[in-house]
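These notes concern the structure reproduced below.
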Amino acid sequence: QVRLVESGGGVVQAGGSLRLSCAFSGRTFISYTMGWFRHPPGKEREFVGVISWNGGSTYLAQSVKGRFTISRDNTENTVFLQMNGLKPDDTALYLCAARTTWSVGTSGYNFWGQGTQVTVSS
């Protein structure tokens, strides 16, 4: 069974940066496309970005494009979300997820982490 553990969240002032990590275990990491989602308080879960098994393809939501970068290290079985220029609207529980096929769709993820909280103060 796949296990995903996010880390790196915290409290940051607007304009600041954070780097989230998601550690993958239990299966072969390179078999999975990895996604990041976020769940803002009182709102529905939102798609943030996705990266293909080898990092060759990425796709980011329009709301974070130009500020966030998604990457992965297949030697460390870890996917990252670099967040720059953070805004109060970025405040959310950030979760990583794994799926076996490439897609920019928001459904089809088989495994989810518990999330790491990001709070951006104004």
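The values are calculated or read from the model by the stated rules, or taken from the named source; none is laboratory data. Note that the coordinates shown come from a computational prediction; the quantities given were computed from them, not determined experimentally. Reconstructed Cβ throughout: ideal geometry from the backbone, glycine too, with neighbour counts over all protein chains shown. These area figures cover heavy atoms from the full protein model, side chains too; ligands, DNA and RNA do not enter into them. Shrake-Rupley method; radii C 1.70, N 1.55, O 1.52, S 1.80 Å.
Some observations on this one:
- Residue match in segment 40-63 (condition: open to solvent by 30 Å² or more (accessible area, probe 1.4 Å), more than 13 Å from the chain's Cα centre (by Cα) and of a type in the set (Ser, Thr, Tyr)): yes
- Qualifying positions in segment 103-117 - among the hydrophobic types (A, V, I, L, M, F, W, C) and under 18 Å from LEU4 (Cα atoms): PHE111, TRP112
- Members of segment 1-39 that are of a type in the set (A, V, I, L, M, F, W, C) and buried (at least 17 other Cβ atoms within 10 Å of the Cβ): VAL2, LEU4, VAL12, LEU18, LEU20, CYS22, PHE24, PHE29, MET34, TRP36, PHE37
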